Structure formats: C-alpha cells, structure tokens
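Only one structure is covered here, and it is reproduced in the block below.
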Amino acid sequence: MKSKIRFLSSLENLTKADPAEKIFVVDKKVFALYEKKLSCIWKYRPIFLFEAKEKNKSLSYLEMIFHFFLENEVKRETIIFAIGGGITLDIAALASSIFKRGCRLILMPTTFLGMIDAAVGGKTAVNFQNYKNLIGSFYPAEKIYINLDFLETLSSREKLQGWAECVKIALIENGELLQTISASQKITESIIKKAIELKLSFCEQDLFDSSERRKLNLGHTFGHVLETLSAFNLSHGEAVSLGMRAAAKLSYEENLISKIKYDQINNILNKFDFPKKMKSKISNWKEKALRILYQDKKFEEKNVVILFQKENVTIRKISPEKLVTTLSSIVDQRNDLL
Ligand SMILES: NC(=O)c1ccc[n+]([C@@H]2O[C@H](COP(=O)([O-])OP(=O)(O)OC[C@H]3O[C@@H](n4cnc5c(N)ncnc54)[C@H](O)[C@@H]3O)[C@@H](O)[C@H]2O)c1
C-alpha cells in the first residue's frame, strides 16, 4: 500500500477531513509544546502520552499501548494516529500493525528525520535487549501529515539527525537534491518532498529490504560500528556522517571514485556541523570493531557494504578486516585526547 503524504499549512480542520474514530499515541514532549496548537486534535481523546526514549521503544511499552487500546475499545477500523519523532512513530506503527491483526494508521512526524525517513517506507519496530529495531514489521501508514512548524522547537542536534539522512539520500541520487542542499542548509518543504520522493523510489522497488533498498544503508555499516564503539556518545546521525566519510575513503582506495569526487563528498559533509573524526579512548578498538561487525544484522549475512561509484553507489562485498582498516582514518586515538 502507498501512503498518501499531505503537507499541511495549518493543523486546524485536520480531523474534520477524516471523521473516523481515532486514538492517539503522542510524544509527551511534543504534547507539552504543542498542546494549544493541536487542540483541534486533542478533543478527540484518548491519548497515550509516550516518553520518546530509545529504552522505552520496547516490548513492555508496546504492551502498555495494547492495554490502552483494549481499555479504549480500539477496533480494526479505528485510526491509530501517531504524533512524534521516529521513536514514537516506530512503536505506534508496530502496535497498529499487529493489534487485531492490523488497524488503520496515520503518522504525523514532528522531527526532520521523522518527516524524511521514519514515517516513510513502512518500517515499524521496537528494540529488544541490546538490539535496535530487532522486532518489527512492514506496515506503511495510510496517510502521513507533515507540518514544518514542528521543526521550530527541534534542537540543532536533532535537526542534524535528519540532515545526515538527507545528505545520504542526496549523495545516493547525486542530482537535484545534492545541488539544493549544497547551496543552502535550510530545511524547506521542497527539500523534504524531494528526500521523501527519493526514499520512496527505493522502497517501491524493494519494500522488504532485500536488494535496491540496501543502498539506503550508505554510511550505516561503518556508522553502526562507530556509534557502538562510542557507547552511543555519537548520535546516530553523527555516526552515519562519519560512516559516509569512511565509505568515500574506501571507494577512493578501491578506485571506484576519483579524488575530485572524494573531495566533493567530504566538502558537502563539511557544510553541516558533522564531526570529522571520532575520538576514542579504547586501545583495542579494532578488535571491538570487528566483533561489532560480526554482530551487525545488516552486514553479517553477506559481508556487503555500500560504496560510492562514479556518479552513484554500488553494493560491494568487502571483508570485515578491510572495513576496520578503513576506519583507522576516522578513529582518532591519540593519547592527548584521552
Ligand atoms: N522506521 C524507519 O524507517 C526509521 C527510519 C529512521 C529512524 N527510525 C527510528 O527513529 C528514531 C529516531 O527518531 P527521531 O530522530 O525522529 O526522533 P526521536 O523520536 O528519537 O525524538 C528525539 C527527541 O526529540 C523530541 N522531539 C520530537 N519532536 C520534537 C519537536 N517538534 N520539538 C522538540 N522536540 C521534539 C523527542 O521527544 C525526543 O526527545 C530511532 O529509534 C530510529 O530507529 C526509524
């Protein structure tokens, strides 16, 4: 199923357009910030207020949401209306996909990342034990409502999460979006539209993440290692941005791209507030990095990684040892940093 995406200039009259019975799962912080602005929606209570933390994106919170659905007599025709960033959307969408074998679902992302990535493409998930997004489903929302006003209260660090994905998709396409974001680093409706369109073009070719969609993992295999090595002091977006630098380095060393292209990739990353290196206090980081790679669910099956190639990207088989060697250019392990 294809999600209908609507950009809203105002949140008023939102519910009039769709009179079906609704139940809300809402990021607690967003509720506090936008209670007045969203009053047109709140009158359609009940609302499950969800504290958006990775540790709450869990089976126990999923169960709480199910209790809430039961208490409020949610039926298959009820719309589960989720409002928040990726964490909230992921858990609410998973709940919607399996409660009574699937209810109706509308998503309203409130972060830049949510708008261009988490709401789009139909993936839902919760974390399990130490694994991110281990339990989930594919369940595209029937509608996605986007209102840019939410971005006014988003911190620069949170915006950077979205920029990492936006730069990634722009680099994969190597076209109009890359030109636009190279010229201006301001989030606009047209940037969001284009990023969504590009992401959807991959998802439509490959909803279940088995071939073309893997290209969206650019920077993610390296990024996952760095994020874990840093004990999550690096945000996901920062780690992915460093992962793209590593992918560019390896692509250049493998003669897949020219030095000019290599510099171009780094230049675009430099336009944003992304780090250039990861400082590490761990002396045996290479051994740890290898262990992390062996446990990476996206890397483990086929040892493939996404690299740059001339105008585009390519899926390559590369040994874990080689990947770790490449990371030496990113991991800064000087003693004066300790
Ligand atoms: N399903 C997918 O395809 C997909 C894709 C990418 C990421 N994700 C998931 O998304 C999650 C990350 O999501 P995220 O970065 O969008 O945000 P988030 O849900 O992690 O929220 C980050 C913080 O911003 C706050 N917040 C949300 N909207 C706000 C607003 N408008 N103003 C002020 N604060 C606001 C939240 O309360 C939270 O404190 C991860 O769990 C990741 O796994 C899923």
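Read-outs throughout are calculated quantities, based only on the coordinates presented, and are distinct from any laboratory measurement. Fair warning: this is a prediction, and the values are worked out from it, not measured in the lab. A quick note on method: Cβ atoms are made from the backbone with ideal geometry, for glycine too, and the neighbour counts reach across all protein chains shown.
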**Fill in**
Under a Gaussian network model of the chain whose springs join Cα atoms within less than 10 Å, the largest fluctuation of T326, T153, T124 belongs to T153
**Prompt:** Restricting the count to DSSP beta bridges whose residues both fall in the range 4-153, what percent are antiparallel, rounded to a multiple of 5?
**Reply:** 20 percent
**Fill in**
Between the Cα axis of helix 156-173 and the main Cα principal axis of the chain, the angle (0 to 90°, nearest 10) is 70 degrees
**Where labels lie 7 Å past Cα in the beta-carbon direction, separation of F128 and E197 in nm** = 3.8 nm
**Message:** Under the 0.36 nm per residue contour assumption, what length would be gained going from the current alpha-carbon distance of D296 and W42 to full extension?
**Reply:** 87.4 nm
**Complete:** Per the rule of 0.36 nm per residue minus the C-alpha distance, extending K53 to I318 adds in nm 92.0 nm
**Prompt:** Which is the longest run of the chain containing none of the chymotrypsin sites (Phe, Trp or Tyr not before Pro) found in DSSP loop states (not H, G, I, E, B) with at most 15 other C-beta atoms within 10 Å?
**Reply:** 1-207
**Complete:** Cross-link reach from K288 to lysines, straight Cα distance under 25 Å and at least 8 residues apart if same chain, gives K55, K132, K249, K276, K277, K279, K297, K298, K302, K317, K322
**Fill in**
The Cα extents of the range 146-196 along the principal axes, largest first and rounded to whole Å, are 30, 19, 18
**Prompt:** How big is the convex hull of the Cα atoms of the chain, per residue, in Å³?
**Reply:** 132 Å³
